[in-house]
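Step one of this worksheet: look at the structure below.
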Amino acid sequence: MDPRPPPQQSMVAAVGHHGFWGHSSAFDLLEALDNAGSLEDASDEPIRILLVHPGDVRHMIATIARRRRYGGTKGNGLERFYRPIHFYLMETPVEVISRELLLLEILFDFEVPIRQRAGVFLEVFGNVLVQERTSRYMERLGYEMRS
(Lines give C-alpha, C1' and ligand atoms only; values in the text may rest on other atoms or scores of the structure.)
Protein backbone atom coordinates (compact mmCIF):
# COMPACT_ATOMS: atom_id res chain seq x y z
CA MET A 1 0.00 0.00 0.00
CA ASP A 2 1.32 3.43 -0.97
CA PRO A 3 1.58 5.67 2.14
CA ARG A 4 1.17 8.81 0.04
CA PRO A 5 -2.47 9.54 -0.79
CA PRO A 6 -3.36 10.57 -4.33
CA PRO A 7 -3.57 14.35 -4.90
CA GLN A 8 -7.38 14.30 -4.96
CA GLN A 9 -7.56 12.78 -1.47
CA SER A 10 -5.00 15.13 0.04
CA MET A 11 -6.79 18.14 -1.51
CA VAL A 12 -10.16 17.07 -0.07
CA ALA A 13 -8.55 16.42 3.31
CA ALA A 14 -6.95 19.87 3.29
CA VAL A 15 -9.97 21.83 2.07
CA GLY A 16 -12.76 19.68 3.44
CA HIS A 17 -15.87 18.38 1.74
CA HIS A 18 -19.12 20.30 1.54
CA GLY A 19 -22.18 18.76 -0.03
CA PHE A 20 -23.50 21.52 -2.26
CA TRP A 21 -26.03 19.21 -3.90
CA GLY A 22 -28.26 16.56 -2.47
CA HIS A 23 -28.42 13.02 -3.74
CA SER A 24 -32.17 12.64 -4.10
CA SER A 25 -34.83 14.20 -6.25
CA ALA A 26 -36.83 17.16 -4.97
CA PHE A 27 -39.40 16.05 -2.42
CA ASP A 28 -42.73 17.78 -1.78
CA LEU A 29 -42.90 17.84 2.01
CA LEU A 30 -46.56 18.92 2.08
CA GLU A 31 -47.49 15.82 0.09
CA ALA A 32 -45.92 13.68 2.78
CA LEU A 33 -47.85 15.55 5.48
CA ASP A 34 -51.07 15.27 3.48
CA ASN A 35 -50.61 11.51 2.99
CA ALA A 36 -50.00 11.13 6.72
CA GLY A 37 -53.20 13.05 7.47
CA SER A 38 -51.32 15.80 9.33
CA LEU A 39 -52.42 18.65 7.08
CA GLU A 40 -55.60 20.25 8.41
CA ASP A 41 -57.19 23.26 6.74
CA ALA A 42 -58.90 24.43 9.92
CA SER A 43 -55.68 25.20 11.77
CA ASP A 44 -54.00 28.61 11.53
CA GLU A 45 -50.77 27.26 13.02
CA PRO A 46 -47.76 27.49 10.73
CA ILE A 47 -46.38 24.28 9.33
CA ARG A 48 -42.89 23.83 10.75
CA ILE A 49 -40.45 21.75 8.73
CA LEU A 50 -36.91 20.88 9.82
CA LEU A 51 -34.49 19.95 7.04
CA VAL A 52 -31.37 18.21 8.30
CA HIS A 53 -28.39 18.41 5.91
CA PRO A 54 -30.42 18.72 2.70
CA GLY A 55 -27.39 20.02 0.78
CA ASP A 56 -29.41 22.52 -1.24
CA VAL A 57 -32.82 24.15 -1.45
CA ARG A 58 -34.53 21.67 -3.80
CA HIS A 59 -37.02 20.40 -1.20
CA MET A 60 -38.05 23.92 -0.20
CA ILE A 61 -38.52 24.95 -3.84
CA ALA A 62 -40.62 21.86 -4.62
CA THR A 63 -42.75 22.34 -1.51
CA ILE A 64 -43.38 26.03 -2.18
CA ALA A 65 -44.04 25.47 -5.88
CA ARG A 66 -46.62 22.75 -5.21
CA ARG A 67 -48.30 24.25 -2.15
CA ARG A 68 -51.40 25.34 -4.12
CA ARG A 69 -52.40 21.68 -4.23
CA TYR A 70 -52.98 21.62 -0.48
CA GLY A 71 -54.70 24.96 0.13
CA GLY A 72 -58.19 24.71 1.50
CA THR A 73 -60.90 27.30 1.46
CA LYS A 74 -61.71 29.86 4.09
CA GLY A 75 -64.70 32.11 4.54
CA ASN A 76 -66.92 32.21 1.48
CA GLY A 77 -64.88 29.60 -0.39
CA LEU A 78 -63.54 32.04 -2.96
CA GLU A 79 -60.43 33.00 -1.01
CA ARG A 80 -57.67 30.40 -0.96
CA PHE A 81 -56.31 29.68 2.49
CA TYR A 82 -52.67 28.77 2.91
CA ARG A 83 -51.04 28.10 6.23
CA PRO A 84 -47.63 29.70 6.59
CA ILE A 85 -44.67 27.35 6.24
CA HIS A 86 -41.60 27.81 8.42
CA PHE A 87 -38.51 26.01 7.15
CA TYR A 88 -35.64 25.33 9.52
CA LEU A 89 -32.27 24.33 8.05
CA MET A 90 -29.62 22.39 9.92
CA GLU A 91 -26.27 22.25 8.16
CA THR A 92 -22.85 21.77 9.68
CA PRO A 93 -20.68 23.88 7.35
CA VAL A 94 -21.55 27.55 7.39
CA GLU A 95 -20.68 27.79 3.68
CA VAL A 96 -23.56 25.50 2.77
CA ILE A 97 -26.03 27.57 4.80
CA SER A 98 -24.72 30.75 3.16
CA ARG A 99 -25.15 29.24 -0.27
CA GLU A 100 -28.69 28.10 0.52
CA LEU A 101 -29.62 31.54 1.82
CA LEU A 102 -28.07 33.17 -1.25
CA LEU A 103 -30.09 30.90 -3.54
CA LEU A 104 -33.29 31.77 -1.68
CA GLU A 105 -32.45 35.49 -1.87
CA ILE A 106 -32.00 35.15 -5.63
CA LEU A 107 -35.31 33.29 -6.00
CA PHE A 108 -37.29 35.85 -4.03
CA ASP A 109 -35.70 39.04 -5.36
CA PHE A 110 -38.75 40.22 -7.29
CA GLU A 111 -37.02 43.44 -8.43
CA VAL A 112 -35.04 41.34 -10.92
CA PRO A 113 -36.91 39.99 -13.99
CA ILE A 114 -37.72 36.28 -13.74
CA ARG A 115 -35.62 35.29 -16.74
CA GLN A 116 -32.53 36.99 -15.31
CA ARG A 117 -33.23 35.50 -11.86
CA ALA A 118 -33.42 32.02 -13.38
CA GLY A 119 -30.08 32.51 -15.14
CA VAL A 120 -28.37 33.80 -12.01
CA PHE A 121 -29.89 31.00 -9.94
CA LEU A 122 -28.57 28.36 -12.34
CA GLU A 123 -25.11 29.96 -12.40
CA VAL A 124 -24.88 30.00 -8.61
CA PHE A 125 -26.54 26.61 -8.16
CA GLY A 126 -24.20 24.99 -10.65
CA ASN A 127 -21.11 26.62 -9.10
CA VAL A 128 -19.94 27.58 -12.57
CA LEU A 129 -17.69 30.46 -13.48
CA VAL A 130 -20.12 33.32 -13.01
CA GLN A 131 -20.40 36.38 -15.22
CA GLU A 132 -19.16 39.75 -14.00
CA ARG A 133 -22.70 41.10 -13.51
CA THR A 134 -23.65 37.96 -11.53
CA SER A 135 -20.59 38.45 -9.37
CA ARG A 136 -21.57 42.07 -8.63
CA TYR A 137 -25.16 40.99 -7.89
CA MET A 138 -23.98 38.26 -5.52
CA GLU A 139 -21.67 40.73 -3.79
CA ARG A 140 -24.57 43.16 -3.28
CA LEU A 141 -26.76 40.37 -1.89
CA GLY A 142 -23.93 39.31 0.41
CA TYR A 143 -23.70 42.80 1.88
CA GLU A 144 -27.48 42.92 2.33
CA MET A 145 -27.50 39.52 4.04
CA ARG A 146 -24.73 40.53 6.45
CA SER A 147 -26.56 43.60 7.70
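In sequence order, what are the phi-derived ³J(HN,Hα) couplings for region 116-128 according to the Karplus relation 6.51 cos²θ - 1.76 cosθ + 1.60 with θ = phi - 60°, rounded to whole Hz, with x for glycine and proline?
Taking θ as phi minus 60°, the curve returns 5, 4, 5, x, 5, 4, 5, 4, 6, 5, x, 6, 8 Hz for region 116-128.
To the nearest 10 square angstrom, what accessible area does E132 show with a 1.4 Å probe?
120
Each label point is 7 Å from the Cα along the Cα-to-Cβ direction; what then is the distance between the points at A36 and S135, in nm?
Spacing of the two 7 Å Cα→Cβ label points: 4.5 nm.
Residues of region 85-147: accessible area per residue at 1.4 Å, in Å²?
68
Within 14 Å, Cβ to Cβ, of E100, how many net charges do the neighbouring residues add up to if Lys/Arg are +1 and Asp/Glu are -1?
Net charge around E100: -2.
If amide hydrogens are placed 1.01 Å from N in the peptide plane, which non-local residues have theirs closer than 5 Å to the one on I85?
Amide H neighbours of I85: I47.
Note down the accessible area of H53, probe 1.4 Å, to the nearest 10 Å².
Counting only protein heavy atoms, the figure is 90 Å².
The values are calculated or read from the model by the stated rules, or taken from the named source; none is laboratory data. It should be emphasised that the depicted structure is a prediction, and the values quoted were computed from it without experimental measurement. Heads up, the Cβs are rebuilt from the backbone with ideal geometry, glycines too, and the neighbour counts pull from every protein chain shown. Side chains are part of the model used for accessible areas, which takes the heavy atoms of the whole protein and leaves out ligands, DNA and RNA. Shrake-Rupley method; radii C 1.70, N 1.55, O 1.52, S 1.80 Å.
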